[in-house]
1. Over the Cα atoms of the chain, Rg to Rh with Kirkwood Rh, two decimal places?
2. Find out how many positive minus negative residues lie around Asn92, taking Lys and Arg as positive, Asp and Glu as negative, among other residues whose Cβ is under 9 Å from that of Asn92.
3. What order do Arg105, Arg110, Arg75 take when sorted by accessible area (1.4 Å probe), most exposed first?
4. Near Met157, within a Cβ-to-Cβ distance under 14 Å, what is the net charge of the other residues, with Lys and Arg +1 and Asp and Glu -1?
5. Work through the residues other than Gly194 whose Cβ is under 12 Å from its Cβ and net out their charges, Lys, Arg +1 and Asp, Glu -1.
6. Which of Ser129, Ser140, Ser172 ends up with the largest GNM mean-square fluctuation for the chain, with Cα atoms connected below 10 Å?
7. ³J(HN,Hα) across region 114-129 via Karplus (A = 6.51, B = -1.76, C = 1.60, θ = phi - 60°), whole Hz, x for Gly/Pro?
8. Equivalent-ellipsoid semi-axes (√(5λ), Cα gyration tensor) for region 16-136, whole Å, largest first?
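The values are calculated or read from the model by the stated rules, or taken from the named source; none is laboratory data. Computed from a predicted structure; not experimentally measured. All Cβ positions, glycine included, derive from the backbone under ideal geometry; neighbour counts span all protein chains shown. Please note that ligands, DNA and RNA were not included when accessible areas were found on the heavy atoms of the full protein model with its side chains. Shrake-Rupley method; radii C 1.70, N 1.55, O 1.52, S 1.80 Å.
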Amino acid sequence: AAGAWIAPEGGQHITTTAIGAREDETPYYEGVTYYEATVATDTSVVFAPWFETNHLVSDGWRGEAVFAFKHAFYRTEESVMALQAGALWVSNPDEGCSEGGAELRFLAGRSLAGGRAFANVETSVRSLSGGCEGARAEVSAGYRPTEHWLAMGQVFMDSPVEGDDSLKAQVSLVRFGRSVMGLQLGVRARIDGGEPEPALVLGLWAAPRD
């Protein structure tokens with residue numbers, strides 16, 4: 001659920017956790033951190049580690065991390081498009097592939113309703129040394145009725161380099177206080193006809209201070 005605004009001028013930091021159940025009601029815990037910091041005009045550095053724990057996974061856990069540079073090559077008052085490229089690490093890759101590889105991502109976002117709403121699209125291709133490949137896509141839409149509230153819906157399509165394909169939907173609310181912090185509460189589930197794997201999503205959003 002990270003990266004709700006594409007290539008923000010000042011960067012952002014979002015930490016999200018999900019607690020849910022896989023098949024046969026097997027509980028799992030998932031954690032992800034998205035950190036983005038501006039390093040030059042329209043260019044930022046991104047660090048995004050992710051991990052999951054449950055007893056169905058080899059060794060009881062699995063993880064991945066991306067370290068990349070993002071550049072906004074098109075920006076207006078209402079729209080932005082960016083490319084992101086960097087290094088990828090995936091734990092426990094398929095046989096014949098190494099843990100290291102690369103990811104290339106395209107991002108596009110548009111502000112709507114005078115800045116109260118937005119729509120974003122992200123697509124990425126990923127490859128590990130040895131030939132393992134994957135792809136991802138994410139569509140997000142949000143509406144901010146007041147200064148302190150954001151309602152958001154997201155769809156995640158994932159064809160990972162490790163694991164099964166999935167299609168998930170998530171709805172959430174983010175409450176912003178007087179500071180730059182925001183608290184996110186949402187629910188997520190698979191919508192591809194498989195086990196729904198429902199999850200409760202909790203997040204902490206932080207924007208750079210002026």
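1. Details: Rg = 17.1 Å, Rh = 17.8 Å.
We get a ratio of 0.96 for the chain.
2. Values: positive: Arg62; negative: Asp59, Asp94, Glu99, Glu162.
Around Asn92, the surrounding residues sum to -3.
3. On the way: Arg105 40, Arg110 110, Arg75 85 Å².
The ordering from most to least exposed comes out as Arg110, Arg75, Arg105.
4. On the way: positive: Arg105, Arg126, Arg136, Lys168, Arg188, Arg190; negative: Glu122, Glu138, Asp158, Asp164, Asp165, Asp192.
Here the count lands on 0.
5. Numbers: positive: Arg22, Lys168, Arg190; negative: Glu23, Asp164, Asp165, Asp192, Glu195, Glu197.
Charge balance near Gly194 sits at -3.
6. For the chain, modelled as a Gaussian network with Cα springs under 10 Å, the answer is Ser129.
7. With the stated coefficients, region 114-129 comes to x, x, 7, 10, 8, 9, 10, 9, 10, 9, 9, 10, 9, 8, 9, 4 Hz.
8. Working: eigenvalues 183, 77, 30 Å².
Sorted largest first and rounded, they come to 30, 20, 12 Å.
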